[in-house]
Amino acid sequence: MSMDLEQAARDFLALRRIAVAGVSSSGGGEVANVVYRKLRKHGYQVFALNPSASQVEGDPCWPDVASVEG
């Protein structure tokens, strides 16, 4: 991984509040669900984004980034 990419990843993960688009309400093994669970497990404040769901993995789901509170 290049230093620029490594720094970009560190900067992104330093935010601690991350929205994940495409999280499925079926809770399957979709990539977005895996990312959502892993970030949450590591203490991030994670927001699921899916315009077709009101709840994902027991958490509220938002239709888009603009709808996320805070």
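The values are calculated or read from the model by the stated rules, or taken from the named source; none is laboratory data. Values in this document were obtained by computation on a predicted structure and should not be read as measured data. Cβ placement follows ideal geometry from the backbone for every residue including glycine, while neighbour counts extend to all protein chains displayed. Only protein heavy atoms, including side chains, enter the accessible area calculation; ligands, DNA and RNA are left aside. Shrake-Rupley method; radii C 1.70, N 1.55, O 1.52, S 1.80 Å.
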Taking only Cα atoms, what is the 0 to 90° angle, nearest 10, from helix 31-41's long axis to the longest principal axis of the chain? 80 degrees
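Considering only protein heavy atoms, what per residue accessible area in square angstrom results for the chain with a 1.4 angstrom probe?
Details: 4660 Å² over 70 residues.
Using a 1.4 Å probe on heavy atoms only, each residue of the chain averages 67 Å².
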Relative to the longest principal axis of the C-alpha atoms of the chain, give the angle of the C-alpha long axis of helix 3-13, reported between 0 and 90° and rounded to the nearest 10°. 40 degrees
So what are the three principal axis dimensions of the chain from its Cα atoms, in whole Å, longest to shortest? 38, 28, 19
Out of P63, Q7, P51 - ranked by how far each Cα lies towards the positive end of the dipole of the chain, with unit charges on the beta-carbon of charged residues - the top one is Q7
On the accessible surface of the chain, probed at 1.4 Å with all protein chains in place, carbon and sulfur together account for a percent value of 57 percent
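With the contact rule set at Cα under 8 Å and sequence spacing of 6 or more, what percent relative contact order holds for the chain?
On the way: 89 pairs, mean separation 18.9, N = 70.
Worked out over the chain, it gives 27 percent.
Roughly how many debye, to the nearest 20, is the charge dipole of the chain about its Cα centre, given +1 on each Lys and Arg Cβ, -1 on each Asp and Glu Cβ, and no other charges?
Details: 7 positive and 8 negative charges, 53 e Å.
I would put it at about 260 debye.
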